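The values are calculated or read from the model by the stated rules, or taken from the named source; none is laboratory data. Keep in mind it's a predicted model, so treat the numbers as computed, not measured. All Cβ positions, glycine included, derive from the backbone under ideal geometry; neighbour counts span all protein chains shown. Ligands, DNA and RNA are stripped out before the accessible areas are found, and what is left, the full protein with its side chains, is counted by its heavy atoms. Shrake-Rupley method; radii C 1.70, N 1.55, O 1.52, S 1.80 Å.
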Amino acid sequence: METQLLKCLVIRNDLEEAAVEVRNKGLFRAIAHLKTAFIAFHNLNDFEKTLRPLYREHRGLSAGYNHIEKAVEFFSYLRNRFAGHLVDELFEKALIWKPEILMTLNREHDANVVLIYNFWLLETAINTYVDLDEAHKFFESETDFNFPPDEKRFHDALLKALDEAVTFLRAVEVALKTEVTLPEHDLELWKKAGLTNFEFIRGKKR
């Protein structure tokens, strides 16, 4: 439970920080924090699966997650295609969707130009979140950030999901703290720390 509680706190903090930056800077100046948010949503998606035994004693948590699950899956998808990996198919699709990229690739690329490229890639990733019939799974239509209502739609959906995910994780934190017993101040803990052996962490196999 200690590991789960620590994960809960880390994921929640990432989501909270992203929400603050989006509110303070707006979407376009907070691109790095958007990527942080997508990664945190992906981590939440994985983390929630480990919480299900906790739901037996804390049934409100299950209902709380059901309320945000659709958004978590959507933003986790954006992590997998846009933020956590640089997927060739996304870049190839963006070159088709936004011919402006091809027309400007040979110019000097300052940070502002690459910022625009990032949002065209994000826009493309959003538009690939479709079912087998090519119907959009989260929004009702294609997203074009040049169209202000589309930008606002994404902005509002992201902030709503961030806030609701933070609320869920605060409830998880409360539940986990009832399951964790902290040790007394014990010199043996520091002795054990001094004997720590560090090994390469291979991660779990998918």
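Computed values, structure above
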{"quantity": "Conditions (1) part of a helix (DSSP H, G or I); (2) out of contact with any Leu (no Cβ under 8 Å at 6 or more places or on another chain); (3) more than 30 Å from LEU54 (Cβ to Cβ); number of the one not met by LEU122", "calculated": "(2)"}
{"quantity": "Condition met for ARG170 (open to solvent by 90 Å² or more (accessible area, probe 1.4 Å), touching a Lys or Arg at 6+ places or on another chain (Cβ under 8 Å) and of a type in the set (D, E, K, R))", "calculated": "yes"}
{"quantity": "All positions within the range 177-192 that are open to solvent by 100 Å² or more (accessible area, probe 1.4 Å) and either part of a loop (DSSP other than H, G, I, E, B) or closer than 23 Å to LYS7 by Cα (or both)", "calculated": "LYS177, THR181, LEU182, GLU184, HIS185, TRP190, LYS192"}
{"quantity": "Check on PHE28, modelled with pLDDT under 95, among the aromatic types (Phe, Trp, Tyr) and within 13 Å of LEU122 (Cα to Cα)", "calculated": "yes"}
{"quantity": "Top-ranked residue in the range 91-105 [being assigned to a helix (DSSP H, G or I) and of a type in the set (A, V, I, L, M); ranked as most open to solvent (accessible area, probe 1.4 Å)]", "calculated": "MET103"}
{"quantity": "Qualifying positions in the range 106-122 - at pLDDT below 90, open to solvent by 70 Å² or more (accessible area, probe 1.4 Å) and among the hydrophobic types (A, V, I, L, M, F, W, C)", "calculated": "ALA111"}
{"quantity": "Subset tally (residues that are open to solvent by 80 Å² or more (accessible area, probe 1.4 Å) and in contact (Cβ under 8 Å) with a residue 60 or more places away in the chain) for the range 123-145", "calculated": "1"}
{"quantity": "Counted residues, the range 42-70 - those being open to solvent by 70 Å² or more (accessible area, probe 1.4 Å) and polar (S, T, N, Q)", "calculated": "1"}
{"quantity": "Criterion (assigned to a helix (DSSP H, G or I) and in contact with a Lys or Arg (Cβ under 7 Å, 6 or more places away or on another chain)) met by exactly one of HIS42, HIS67", "calculated": "HIS42"}
{"quantity": "Selection count, the range 15-39, where residues are outside any helix (DSSP H, G or I) and of a type in the set (A, V, I, L, M, F, W, C)", "calculated": "1"}
{"quantity": "Selection count, the range 74-90, where residues are in a helix (DSSP H, G or I) and either open to solvent by 80 Å² or more (accessible area, probe 1.4 Å) or modelled with pLDDT under 90 (or both)", "calculated": "3"}
{"quantity": "Test: residue in the range 174-195 that is among the aliphatic types (A, V, I, L, M) and within 20 Å of SER76 (Cα to Cα)", "calculated": "no"}
